[in-house]
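Structure first, then comments.
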Amino acid sequence: YQDRFKAAGLMALLGSGFDPGVTSVFATYTRKHLLDRIDTLDILDCNGGDTGLPFATNFNPEINLREVTAPSRHWENGQWVEGPALSNKQVFDFDQVGPKNMYVMYHEELESLVKHLPEIKRVRFWMTFGDSYLEVLENVGMTRIDPVMFQGREIVPIQFLKALLPEPSSLGPLTKGKTNIGTIATGVKDGAAKTVYINNVCDHEDAYAETGNQAVSYTTGVPAMIGAAMLLTGQWKGAGVFNMEELDPDPFMAMLNTQ
């Protein structure tokens, strides 16, 4: 849509959620103020929430399960590096959440970050999961995305599974704990090596008390509102289709810290 929006003199903003969204703003804020050069960028997405249910996803189950069963993919030294799903695991101690297993996954903001911040040699996206999260579903074939015949009609197993799982919007009153999402950048500042970690912690119960939604909805909705405010107030303007990291991070960050 880039050429069509540009020709019409209109502006579109893509991916103004948390990740993609805020994490890309964290990266450009780091580049503008905290590092002279970014060498590596890691996006860390931790949901430390607990619903008390045996199994539930905190956003659209089909999208969630497709993401975590897809091959991992990250950018390193000018090329994409692929691996089996959930094959690269590290334990990270998240502030206010504690130690969690996190895995390298493919996530769409990697595509635009490597395009608009080409100096970065390696970009990875990490998400936390419990050990048993997908093992059973994978083993019994419920995460398959290809149609299978069942009682004379075709069904897609992952779509059938989605119908059986709790609706994510119903989890608000059940979810306890916190999310912690942010970026770790390594690079150089004033000739010396430096590492910068920017993150946001959100409490599921606080989010529900304020809005009737758990923290995953909250941390997606607030940045969408701020992105709209940037356009409406003219603090971000232009003609064409823009990713978050193409625009000045300062007014977005200022509003994020008050909202």
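The values are calculated or read from the model by the stated rules, or taken from the named source; none is laboratory data. Quick caveat: nothing in here was measured; it's all calculated off a predicted structure. Note that we place each Cβ from the backbone using ideal geometry, even for glycine, and neighbour counts take in every protein chain shown. Ligands, DNA and RNA are excluded from the accessible area calculation, which covers all protein heavy atoms including side chains. Shrake-Rupley method; radii C 1.70, N 1.55, O 1.52, S 1.80 Å.
A few comments on the model shown:
- Residue 37 meets all of the listed conditions (1) closer than 30 Å to residue 218 by Cα; (2) touching a residue at least 12 places away in the same chain (Cβ under 8 Å) but one, namely (1).
- Taking the criterion of being more than 19 Å from residue 99 (Cβ to Cβ), open to solvent by 10 Å² or more (accessible area, probe 1.4 Å), in a strand (DSSP E or B) and not small (Gly, Ala, Ser), the residues of the range 165-199 that qualify are 186, 188, 189, 194, 195, 196, 198.
- Residue list for the range 214-259, filter: open to solvent by 60 Å² or more (accessible area, probe 1.4 Å), touching a helix residue (DSSP H, G or I) at 6+ places or on another chain (Cβ under 7 Å), in contact (Cβ under 8 Å) with a residue 24 or more places away in the chain and not charged (D, E, K, R): 259
- The one condition in (1) at pLDDT below 80; (2) surrounded by fewer than 19 Cβ atoms within 10 Å (Cβ to Cβ) that residue 158 fails to fulfil: (2)
- Single condition residue 209 does not satisfy, out of (1) assigned to a helix (DSSP H, G or I); (2) within 30 Å of residue 11 (Cα to Cα); (3) open to solvent by 10 Å² or more (accessible area, probe 1.4 Å); (4) among the aliphatic types (A, V, I, L, M): (2)
- Residues of the range 227-259 satisfying the condition of being closer than 20 Å to residue 113 by Cα, of a type outside the set (S, T, N, Q) and under 18 Å from the mean Cα position of the chain (by Cα): 227, 242, 244, 245, 246, 249, 252, 253
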